[in-house]
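Data first, discussion second: the structure below is written as structure tokens.
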């Protein structure tokens, strides 16, 4: 049984969140939009929003490190499958409707689903490169 490499998972989460934010800046022109929303909605300010946003990025990377060996396909597919499933379930169907942006953020902008997808693909890059696990090969006899 292989255990999670915590250092790599946490590092992948931090780098992934930085890439997520950089793509957000490129696509929306806004830096730290998610931390700003978190800080404003909780009333705890931008510092709390940044800590919450980056902690979430680390948590998701750790979750991926634990789940990845059980997913299907080659390593690149498992990474995309995970971030897409996480995005649909937690962002499109939970967070964005909770913020009043509707399912997938469509009430805020018709481009929101594409923007969130591209941001999550950028987040996935360090997960692919830094989180290592053994792919299980099933053979029939």
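Quick notes on this structure:
- Consider the stretch 105-131 and keep the residues that are touching a helix residue (DSSP H, G or I) at 6+ places or on another chain (Cβ under 7 Å) and outside any helix (DSSP H, G or I). The one that is farthest from residue 15 (Cα to Cα) is 106.
- Number of the exception - residue 41 against (1) in a helix (DSSP H, G or I); (2) out of contact with any helix residue (DSSP H, G or I) (no Cβ under 6 Å at 6 or more places or on another chain); (3) modelled with pLDDT of 95 or more: (3)
- Pairs where the first residue, in the stretch 41-56, is on the phi > 0 side of the Ramachandran plot and the second is surrounded by 14 or more Cβ atoms within 10 Å (Cβ to Cβ) and assigned to a helix (DSSP H, G or I), C-beta under 6 Å, 6+ apart: 45/39
- For residue 59, the criteria (1) more than 23 Å from residue 33 (Cβ to Cβ); (2) touching a residue at least 12 places away in the same chain (Cβ under 8 Å); (3) in a helix (DSSP H, G or I) hold in every case but one, which is (1).
- Any hit, the stretch 71-90, residues being in contact with a helix residue (DSSP H, G or I) (Cβ under 9 Å, 6 or more places away or on another chain), under 18 Å from residue 9 (Cα atoms), modelled with pLDDT of 95 or more and exposed (fewer than 13 other Cβ atoms within 10 Å of the Cβ): yes
- Residue tally, condition more than 22 Å from residue 54 (Cβ to Cβ) and surrounded by 18 or more Cβ atoms within 10 Å (Cβ to Cβ), over the stretch 102-111: 1
- Subset of the stretch 64-98 that is free of Cβ contacts under 8 Å to residues at least 12 places away in the same chain and more than 24 Å from residue 34 (Cβ to Cβ) - its residue that is nearest to the chain's Cα centre (by Cα): 78
The values are calculated or read from the model by the stated rules, or taken from the named source; none is laboratory data. Just so we're clear, the structure is a prediction, and the values are computed from it rather than from any experiment. Reconstructed Cβ throughout: ideal geometry from the backbone, glycine too, with neighbour counts over all protein chains shown.
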